[in-house]
Amino acid sequence: MSGSGTTLDDYTDRYAQRINGMTASEIRALFAVASRPEVVSLAGGAPYVAALPLDAVGEMLGRLGSVHGATTLQYGLGQGTPELRERICEVMADSGIDAGGGASPDDVVVTVGGQQALDLVARLFLDPGDVVLAEGPTYVGALGVFQAAQARVVHLPMDDDGLIPAALEEGILAQQRAGARVKFLYTIPTYQNPAGVTLSEERREQVLDICERHGLLVIEDDPYGQLGFSGDAPLPLRARRREGVFYLSTFSKTFAPGFRVGWILAPHAVRDKLVIATEANILCPSAFSQAAVTQYLTTMPWREQIKAYRQIYGERRDALLTALGDMMPAGTTWTRPDGGLFVWATLPEGLDSKAMVPRAINARVAYVPGTGFYADGTGQRHLRLNFSFPPPERIREGVRRLAGVVEEELAM
Ligand code: PMP
């Protein structure tokens, strides 16, 4: 589909029902203007891959053929290569998901980024009309997947400690009373995109207990868990409970998104179904990308690289928070993330972040309006600010411009 998704085209009568309501993501639409050099973009979500040792990565890629042979150019297993699945288990062990907790290469399915992992889960579990419970706001790409599966997303509120367990329980009961089929909780418990908050230790147990009690699966999406700025994140949900929890992650933020390699750690009983679904979807993940990531994890200092990302993003987070504190008009609030890539800001009452976008672009600053992160179009007072990509001085300049725009709105 082109344009805003609301224009009619010659194929309108032919689309499948699931295409109804499929509109271009607000973020992608923004990227075109936001990428102009004169615009300070706080809108993106791109990792700062310039922090990688690019020459060394290039040399490693050049050696792939001689190290892995022609297999890098072949089809492979739908589940992904055994070598990469073993390395993935080492990566997960760093986050506390280990063999003792039942994590084995046999239960890992390699995917084309975290995004395909979400799509597979939706293919496996969602029928049209099913309800997915998710944080409000939540990851825009997950909303796209659930909408394409014709499921209905019901948002649950968060505070500074993440998802509110009582609201989860109430949400489940309300949906059940209304006769809806609630299939799973989709959650990004650590350094959430877009809110930047982290589910507290205590709440992790409560959330798991509630889901177990009501027979809900838990889809734990964890692209950012290793990107904490002040020590380690709380243990993932999957490290606490193995049954009923699907753990999704990706190398997009800890290495580079260009390889498009992610994974699912699934309960053993479901693993075969996931492989069948992925074979129907893509046959197999790219052998070349898998060999590249395997080689990177085997021969390069990947833990040091994660530390480098943490340090750079930590400095940029500080730059953003300081600039917001120095310059934003009274009545604006924002979250203070301990990791990840995003701050979630709330404008003074009465302002509309979506309506404000053209004026922000005129002032040469871009952000993503909050409405993109809700299935129901709410979130008008909010905006997502990215701090991983622009350097600190650009972040400060961006906030200066943004503060000016908000001040003008307040004066209108
Ligand atoms: N889940 C979340 C919460 C994300 O923020 C992202 C990327 N922005 C993804 C999944 C998908 O990541 P990938 O690039 O690995 O497809």
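Taking label points 7 Å from Cα along the Cα-to-Cβ direction, Asn362 and Arg36 give a separation of 1.3 nm.
Between Asp352 and Ala180, the contour length at 0.36 nm per residue exceeds the Cα-Cα span by 58.7 nm. Neighbour counting of Cβ atoms within 10 Å sorts the residues His268, His214, His382, fewest neighbours leading, into His268, His214, His382. Applying the Karplus relation 6.51 cos²θ - 1.76 cosθ + 1.60 with θ = phi - 60° to segment 82-88 yields 3J(HN,Hα) values of x, 4, 5, 5, 5, 4, 4 Hz, where x marks Gly and Pro. By the Stokes-Einstein formula, at 0.890 mPa s and 25 °C, segment 38-142 with its Kirkwood radius over alpha-carbon pairs has D equal to 138 µm²/s.
Residues whose amide H lies under 5 Å from that of Gly162, counting only those 5 or more places away or on a different chain, are Thr198; hydrogens are built 1.01 Å from N in the peptide plane.
In the elastic network of the chain, a GNM with C-alpha springs shorter than 10 Å, the most mobile of Val261, Val154, Val57 is Val57. Quotient of the Cα radius of gyration of segment 21-64 and 2.2 N^0.38 Å, N being its number of residues: 1.72. Descending by average beta-carbon neighbour count within 10 Å, the peptides 189-196, 11-18 line up as 189-196, 11-18, the highest first.
For segment 101-235, the ratio of Cα radius of gyration to the globular rule of thumb 2.2 N^0.38 Å stands at 1.03.
According to the square roots a ≥ b ≥ c of the eigenvalues of the Cα gyration tensor, what is the shape class of segment 282-357, taking rounded for a/c under 1.5, prolate for a/b larger than b/c otherwise, and oblate for the remainder? Oblate, because a/c is 1.5 or more while a/b does not exceed b/c.
Rounded, prolate or oblate for segment 231-389? Axes are the square roots of the Cα gyration tensor eigenvalues, ordered a ≥ b ≥ c, and the cut-off for rounded is a/c under 1.5. Here segment 231-389 falls in the prolate category. Taken one residue at a time, the phi angles of segment 399-412 give Karplus couplings (6.51, -1.76, 1.60, θ = phi - 60°) of 5, 4, 5, 4, 4, x, 5, 5, 4, 5, 4, 5, 7, 6 Hz. Gly and Pro are set to x.
The phi torsions of segment 148-156, fed into the Karplus equation with coefficients 6.51, -1.76 and 1.60 and a -60° offset, translate into couplings of 5, 7, 6, 8, 10, 8, 10, 8, 10 Hz, rounded to whole numbers, with Gly and Pro shown as x.
Is segment 163-240 rounded, prolate or oblate when judged by the Cα gyration tensor, a ≥ b ≥ c being the square roots of its eigenvalues, rounded requiring a/c under 1.5 and prolate requiring a/b larger than b/c? Verdict is prolate for segment 163-240.
For Asp107, Asp161, Asp127, the sequence from fewest to most other C-beta atoms within 10 Å is Asp127, Asp161, Asp107. Between Asp94 and Asp159, the modelled labels are 3.4 nm apart [label points 7 Å from Cα along Cα→Cβ]. With the convex hull of the Cα atoms taken as the outline of the chain, the averaged projected area works out to 20.9 nm². For the chain, what proportion of DSSP beta bridges, expressed in % and rounded to the nearest 5, is antiparallel? Rounded to the nearest five, the antiparallel share is 50 percent.
Distance between the pseudo-spin-label points of Ile276 and Glu315 (7 Å out from Cα toward the beta carbon): 5.2 nm.
Given their separation in residues at 0.36 nm each and the Cα-Cα distance between them, Thr333 and Asp106 gain 77.2 nm when the chain is fully extended. Extension gain, Glu59 to Thr23, is 8.9 nm, computed as 0.36 nm per intervening residue step minus the present C-alpha separation.
For segment 35-109, GluC sites (Glu not before Pro) meeting the loop criterion (DSSP other than H, G, I, E, B) and having at most 15 other Cβ atoms within 10 Å: Glu38.
When each of Arg203, Arg400 is scored by the number of other beta-carbon atoms lying within 10 Å, the sequence from fewest to most is Arg400, Arg203.
The GluC sites (Glu not before Pro) of segment 305-412 that meet both conditions, a loop assignment by DSSP and at most 13 other Cβ atoms within 10 Å of the site Cβ, are Glu349.
Every read-out reported here was derived from the displayed coordinates using simple, explicitly stated rules and does not represent laboratory data. Computed from a predicted model, the values in this text were never measured in an experiment. Because the Cβ atoms are built from the backbone with ideal geometry, glycine has one as well, and the counts that use them run over all protein chains shown.
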